[in-house]
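Reading through the structure tokens given below for one structure.
The values are calculated or read from the model by the stated rules, or taken from the named source; none is laboratory data. Values in this document were obtained by computation on a predicted structure and should not be read as measured data. Every residue, glycine as well, gets a Cβ built from its backbone with ideal geometry; the counts of neighbours run over all protein chains shown. We work out accessible area using only protein heavy atoms, side chains counted, and drop any ligands, DNA or RNA first. Shrake-Rupley method; radii C 1.70, N 1.55, O 1.52, S 1.80 Å.
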Amino acid sequence: MTLLAPTAVSVQQSKPNQAYGVAAQIPVSQAAHMLARAGLPISIDEDAVIPTAFLTLTQVADVSGSVTVNLRRAAEQWGNRATWNSTPAVSAATNALTKSNPKAGAKWVWDVTADVQAWAAGGLTNYGWRLNATALIKFKGSSAATGAPVLDVDVLEPGEAPEDLYPDGGAISVAKPTLSFLVPEDTVAVQVQLDANAASPYDFDSGEIPSEAGQVVLADTAFGGLANNAVTSWRARTRGGTGLTAWSQWATFTRVTKPTVTITSPGTTSDDESPTVLWSVTGGTQEAFRVLVTRGDGTVVADSGRVTSASKAWQAPRDILRNEGQTVTIEVRVWDAVDRLVTPGDPAYASATKDVTLSTTAGVNPPATVAATSDGIRPRVTVTATAEQAPDGWVVERNGQRVFRNNAATLNFTWTDWDVTPNHPVTYRVRRVVNGQVSAGGPSSTVTPRITGIWLVDPDDDDGALILGIDEGTRTAAELAVVHQPIGGPPIRRVAYRPPASGTVTGDLVDYDGVKSADASTAWLYRVKSSDPDRLLRLFLGDEVLLVNVGDITISPAPRSGVERYNRVSFSWWQVDDVPWKA
């Protein structure tokens, strides 16, 4: 609340050229007027809200009967030496108060909020008011010891102007970007203006948009859009509990369209499970790229990461496509030399996508024969195939998934698969590769691999150890859980974590039918013990295959038995891949 002391001046018709100036008492009638004005403090911002403003005058003496005092806004300048003949013109609007038989000391209060708001905003010049009355009445003037005129103004300063305007200082790519800025918590509406010269008349004014957030999506407005290479400036303001804020500072950005990226290879179908990705870029200069490959469920199966290079080729990992008919989406992202700003829906890169499906070619003849065999001892399957004509290479499928490819141009093909699950039937199909195309159809072979004992194998070199014996070892998959016991109710068990399995193996390292000697198994286990403890190995247990880390390897020599000898071995293992159960 701001209390101001207006200057009150008397002018009287009886002496039209007399300058009465300020006085302790001022008569007001049809022939005697009061001029009153209070200067507003410069601290009141032009965007401030004036909720209320009241002018109060104090009556000097009793008045009999009804009297109406009219207050009108002055329209011209006047000073303390004003006279009746120099009385300023006034507005047509009258702010009238009427009292019956008012007594001395009565307070006359006019609501002058509209006038003061207009003065504060700069829409009107503050020349004060002129008052007259239907009957003679006297009010205390500016020089009165008590009861002098008072202008009581309630001021609400505007909220802070929006800050951190974005985009600012760089380039965007779309014609109608999203504009963002920080706003006060009480924001109920936002407004932006755009202009190439940051001056009125503006190229675009959004008007007030109801919103609590500092964001304007130009695509949702009547904005016509920016031409390519156009530079524009923009600013924002908000409306909150104190009205409109001041305008922000101007921010500037440029629109520069992105280059066009086109994936030229592979096509929509590919015989290659690891195709080379090729692309072209027009309308810009590539400085970096990134290639992502995703499955239909959104799983990323390959990601080159951002590579700073002008190269427009990338070799995909082997396993992005495994099953015939499987489809992946290849996305190529390209960054150019332009300093681009990221806005919603407008990343800093240009991109292209293509769906690619793994296929075969009916015109390529399949192999003549395919066979898959297990020796019943090792955890492996030997796959062979023959062809009437030598291909450029061979592809092997296990249960419909491609698991091996080579470039051997031979009539006879042999491959050993160490990544099999014992005691489960496996179907193999071998395909010929000619000029990059993979044969369709052809013979297949199904085998149920059997093993003897327990095997621990390195998947990188297929070397390992054979463990025999009747000790079943141990296994655990204890869950991390707590049990709550409510009063009068059944217990409630809450599981925080279900870990993979872990356990121990104990057995014998022996010479076995020329397949694996005790010395070879022992030497290999010692190499494992001396290697990285995080080394991944395959543990073949019955009809399971687990990817594990091992530790605590302990080997103890045992007595000779005839011409043979054997060692006792024990170790601990911890599963590191998927949990060993299926829902």
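Brief remarks on what is shown
- Mean separation of Cα contacts under 8 Å (6+ apart) over length of the chain, as relative contact order %: 9
- Cα centre as origin, Lys/Arg/Asp/Glu Cβ charges: the chain dipole, Debye: 1980
- Longest site-free stretch - the chain; sites: trypsin sites (Lys or Arg not before Pro), DSSP loop, at most 11 other Cβ within 10 Å: 104-559
- Helix-only [θ]222 nm of the chain, DSSP H runs n ≥ 4, -39500 (n - 2.57) each, per residue, nearest 500: -1000 deg cm²/dmol
- Helix 518-529 and the longest principal axis of the Cα set of the chain meet at an angle near 20°.
- Between segment 390-446 and segment 189-263, the C-alpha centres lie 61 angstrom from each other.
- Qualifying GluC sites (Glu not before Pro) in segment 135-231, where qualification requires a DSSP coil assignment and no more than 11 other C-beta atoms within 10 Å, comprise Glu185.
- Values [x] 1.15; [y] 1.35; [z] 1.10 are given for comparison; Rg/Rh (Cα atoms, Kirkwood Rh), derived from the coordinates here, is the one labelled [y].
- Portion, in percent, of the accessible area of the chain that falls on carbon or sulfur, probe 1.4 Å: 49
- Lysines with Cα under 18 Å of Lys99, excluding same-chain neighbours fewer than 8 positions away: Lys107, Lys138, Lys140
- Computed over neighbours whose Cβ is under 14 Å from that of Gly224, the net charge equals -2, Lys and Arg +1, Asp and Glu -1.
- Over all orientations, segment 214-271 has a Cα convex hull whose mean projected area works out to 7.7 square nanometres.
- The H on the amide N of Val150, modeled in the peptide plane, is under 5 Å from the matching H of Thr56, each at least 5 residues off or on a different chain.
- Computed about its Cα centre, the charge dipole of segment 27-174 is approximately 1480 debye, with only Lys, Arg, Asp and Glu carrying charge at their Cβ.
- Beyond 18 Å, the tail of the calculated P(r) for segment 435-492 holds 73 percent of the Cα pairs.
- 3J(HN,Hα) along segment 380-389: 8, 10, 9, 10, 10, 8, 10, 9, 6, 10 Hz, from the Karplus curve 6.51 cos²θ - 1.76 cosθ + 1.60 with θ = phi - 60°, whole Hz, x for Gly and Pro.
- For Phe204, the residues 5 or more places off, or on other chains, whose built amide H falls under 5 Å of its own are Leu194.
- Per-residue extension of 0.36 nm, minus the Cα-Cα distance of Ala520 and Ser444, leaves a gain of 23.9 nm for this segment.
- Entry comment: accessible area of segment 342-489 is 48 Å² per residue, from protein heavy atoms only and a probe of 1.4 Å.
- Among Thr276, Val381, Pro391 the positive-end extreme of the charge dipole of the chain (Cβ point charges): Thr276
- Under-5 Å amide H pairs with Leu541, H placed in peptide plane, nonlocal only: Leu546
- When the residues Val338, Val231 are ordered by accessible surface, computed with a 1.4 Å probe over the protein chains alone, the sequence from largest down reads Val231, Val338.
- Area accessible to solvent at His424, 1.4 Å probe radius, in Å²: 80
- Positive minus negative residues near Arg130 (Lys, Arg vs Asp, Glu; Cβ under 9 Å): +2
- Percentage relative contact order, segment 1-90, counting C-alpha pairs under 8 Å, at least six apart: 36
- Table column - 3J(HN,Hα) (Hz), segment 351-365, Karplus curve with 6.51, -1.76, 1.60, x for Gly and Pro: 8, 9, 10, 8, 8, 10, 10, 6, 9, 10, 10, 5, x, 9, 5
- Per-residue surface analysis assigns Ser64 an accessible area of about 110 Å², computed on protein heavy atoms at 1.4 Å probe radius.
- Residue-count net charge about Gly298 - beta-carbon cut-off 15 Å; Lys, Arg +1, Asp, Glu -1: -3
- When Ser14, Ser521 are compared by accessible surface with a 1.4 Å probe, the order from highest to lowest is Ser14, Ser521.
- Positive-end extreme of charge dipole, the chain - chosen from Ala31, Val256, Leu468 (charges on Cβ): Ala31
- Estimated vicinal HN-Hα couplings, Hz - segment 430-438 in sequence order (Karplus 6.51, -1.76, 1.60; Gly, Pro = x): 10, 10, 7, 10, 10, 6, x, 9, 9
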